[in-house]
Amino acid sequence: MYFDSFQAAMAMGGHGVYVWSAYGITALVIAQLVLWPSARKKRLVAELRGEQRRRAGASQETGQSDRESS
Amino acid sequence: MWSFFHKLGSPPWLYRISGSILRWLLPLAVLGLVVGVLWGLLYTAPDFRQGNSYRIMYIHVPAAVVALAGYYVMAIAGAINLIWRMKIADVAMLAAAPVGAALTFVALVTGAIWGKPTWGTWWVWDARITSMLILLFLYLGVIALYEAYDNKTAASRACAVLALVGTVNIPIIYKSVDWWYSLHQPASIKFTGGSTIDPSMLYPLLLCIVSFYALFTCALLANMRVAILDRERRTGWVQRLVEEGG
């Protein structure tokens, strides 16, 4: 390791604020890039499942098949 | 060869294969980035002129490099969509835009933070930085243009045209540090001739660049998968997938 102590690694000879804030912002953006699609996918699957349930409920009342096309 | 292109046009196949790619590529990309970043941050010597602030390079350069590569993906996908009307190309173009925008944003912000201790200013309107800002606006423009149309086929074509026109900006970004007098330093890594970077700094940087490419691929595929599910929501295979739990 280049730095002698944790404090030295944090300070980076006065440049610590710049370096660590740059890495912090980058980490946040990358986390968003990874998490955002999976959150949208979960929401979409939940929405489609809700549609399926409603259709199944409706077809039980009218006595029709819930799968019009497949 | 042709059967591959045929399969590429098949949404269920693409959905399945991208899922299995993501399962190993995403952990690998994250691991590579963590190792590369810690290596660059803690196990390399400081730059003899810039001191420790140069360590921002290990994320700034990969973000900028992949932000440019992402524009190729978006523009080429747009061209394929215009010429062959391939639906999957349209999905790829729109999936690349937010990822490219995010990486361009990272390149600009980390560049500004690096500029303060190094050049004494957060921002200058020089050629490299201004052309990167235009790149950000091109990405955001494609996203906004798509949202602005109700007719999504027309929206995709307009976006593809914008993406293609915007490629003019790409060689300007590459050459900006050579063509104009600039605060921004020229490239230190060259494919032809000698690089002006020490190997001890080059290896962690290369690992970070490869990891950013892998992360871009993961985010692109993940966005494409959501778009495929959304567009194919009425088909049997998506309905079965939802029944099985996504």
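The values are calculated or read from the model by the stated rules, or taken from the named source; none is laboratory data. Here the structure is a predicted model, which is why all the values come from computation and not from measurement. Cβ placement follows ideal geometry from the backbone for every residue including glycine, while neighbour counts extend to all protein chains displayed.
Regarding B:MET132, is this residue touching a residue at least 60 places away in the same chain (Cβ under 8 Å), under 14 Å from the mean Cα position of the chain (by Cα) and more than 29 Å from B:ASN52 (Cβ to Cβ)?
When the stated conditions are applied, B:MET132 does not pass them.
Pick out the one residue from B:ILE80, B:ILE56, B:ILE21 that is part of a helix (DSSP H, G or I), aliphatic (A, V, I, L, M) and within 22 Å of B:CYS159 (Cβ to Cβ).
Values: B:ILE56 fails: within 22 Å of B:CYS159 (Cβ to Cβ); B:ILE21 fails: within 22 Å of B:CYS159 (Cβ to Cβ).
That would be B:ILE80, the only listed residue that is part of a helix (DSSP H, G or I), aliphatic (A, V, I, L, M) and within 22 Å of B:CYS159 (Cβ to Cβ).
Condition first: under 19 Å from the mean Cα position of the chain (by Cα) and within 9 Å of chain A (Cβ to nearest Cβ). Now tell me which residues in region B:30-49 satisfy that. Lay out the reasoning, then the answer.
Taking region B:30-49 and keeping what is under 19 Å from the mean Cα position of the chain (by Cα), we get B:30-34, B:36-37.
Result: B:VAL30, B:LEU33, B:VAL37.
Only one residue in B:VAL30, B:VAL37 is assigned to a helix (DSSP H, G or I) and crowded, with 18+ Cβ neighbours inside 10 Å, so which one is that? Reasoning before the result, please.
Working: B:VAL30 fails: crowded, with 18+ Cβ neighbours inside 10 Å.
Residue meeting the stated conditions: B:VAL37.
What number goes with the only condition from (1) over 30 Å from B:LEU94 (Cα atoms); (2) outside any helix (DSSP H, G or I); (3) within 12 Å of another protein chain (Cβ to nearest Cβ) that B:ARG233 does not pass?
Every listed condition holds for B:ARG233 apart from (1).
Can you pull out every residue in region B:13-27 that is crowded, with 16+ Cβ neighbours inside 10 Å and either more than 25 Å from the chain's Cα centre (by Cα) or not aliphatic (A, V, I, L, M) (or both)?
Kept after step one, since they are crowded, with 16+ Cβ neighbours inside 10 Å, are these residues of region B:13-27: B:14-15, B:18, B:22, B:25-26.
Listed by number, the residues that qualify are B:TYR15, B:SER18.
Yes or no: region B:50-60 includes at least one residue that is polar (S, T, N, Q), within 10 Å of chain A (Cβ to nearest Cβ), within 26 Å of A:ALA22 (Cα to Cα) and crowded, with 22+ Cβ neighbours inside 10 Å.
From region B:50-60, those polar (S, T, N, Q) are B:50, B:52-53; that's our starting set.
Now narrow it down to the ones that are within 10 Å of chain A (Cβ to nearest Cβ): B:50, B:52-53.
Remaining after also requiring within 26 Å of A:ALA22 (Cα to Cα): B:50, B:52-53.
Filter again for crowded, with 22+ Cβ neighbours inside 10 Å, leaving B:52-53.
There is at least one residue in region B:50-60 that is polar (S, T, N, Q), within 10 Å of chain A (Cβ to nearest Cβ), within 26 Å of A:ALA22 (Cα to Cα) and crowded, with 22+ Cβ neighbours inside 10 Å.
Restricting to region B:114-156, name every residue that is outside any loop (DSSP other than H, G, I, E, B), within 14 Å of chain A (Cβ to nearest Cβ) and among the hydroxyl-bearing types (Ser, Thr, Tyr). Walk me through how you get there before you give the answer.
Residues of region B:114-156 outside any loop (DSSP other than H, G, I, E, B): B:114-119, B:127-148, B:152-156.
If we keep only those that are within 14 Å of chain A (Cβ to nearest Cβ) too, we end up with B:114-119, B:136, B:139, B:143.
Correct list: B:THR118, B:TYR139.
Out of everything in region B:157-184 that is of a type in the set (Ser, Thr, Tyr) and assigned to a helix (DSSP H, G or I), what residue ends up being nearest to the chain's Cα centre (by Cα)?
Taking the candidates together, the pick is B:TYR174.
For region A:1-31, how many residues meet the condition of being part of a helix (DSSP H, G or I) and at the interface with chain B (Cβ under 7 Å from one of its Cβ atoms)?
So the first thing to find is which residues in region A:1-31 are part of a helix (DSSP H, G or I), and the list is A:6-14, A:16-31.
Checking the rest, the ones that are also at the interface with chain B (Cβ under 7 Å from one of its Cβ atoms) come to A:9, A:12-13, A:18-19, A:21-23, A:25-26, A:29-30.
Count: 12.
Write out, first by first residue and then by second, each pair whose Cβ atoms fall under 6 Å of each other, whose residues are 6+ apart or on separate chains, and whose first residue, in region B:47-66, is without any contact (Cβ under 8 Å) to a residue 12 or more places away in the chain while the second is among the aliphatic types (A, V, I, L, M).
From residues that are without any contact (Cβ under 8 Å) to a residue 12 or more places away in the chain, the pairs are B:ASN52/A:MET12.
Give the residue, chosen from B:THR118, B:THR104, that is at pLDDT 95 or above and buried (at least 17 other Cβ atoms within 10 Å of the Cβ). Walk me through it before giving the result.
Details: B:THR118 fails: at pLDDT 95 or above.
The unique qualifying residue is B:THR104.
Do we have B:GLY32 as over 22 Å from B:LEU108 (Cα atoms) and in contact (Cβ under 8 Å) with a residue 40 or more places away in the chain here? Steps first, please.
Details: over 22 Å from B:LEU108 (Cα atoms): yes; in contact (Cβ under 8 Å) with a residue 40 or more places away in the chain: yes.
It is true that B:GLY32 is over 22 Å from B:LEU108 (Cα atoms) and in contact (Cβ under 8 Å) with a residue 40 or more places away in the chain.
B:GLY245 passes all but one of (1) assigned to a helix (DSSP H, G or I); (2) within 14 Å of chain A (Cβ to nearest Cβ); which number fails?
(1)
Take B:MET86 and tell me if it is within 20 Å of B:ALA187 (Cα to Cα) and over 15 Å from the mean Cα position of the chain (by Cα). Walk me through it before giving the result.
Values: within 20 Å of B:ALA187 (Cα to Cα): no; over 15 Å from the mean Cα position of the chain (by Cα): yes.
In short, no.
Quick one: count up the residues across region B:74-95 that are of a type in the set (A, V, I, L, M), surrounded by 21 or more Cβ atoms within 10 Å (Cβ to Cβ) and more than 12 Å from every other protein chain (Cβ to nearest Cβ).
Within region B:74-95, residues that are of a type in the set (A, V, I, L, M), surrounded by 21 or more Cβ atoms within 10 Å (Cβ to Cβ) and more than 12 Å from every other protein chain (Cβ to nearest Cβ) number 8.
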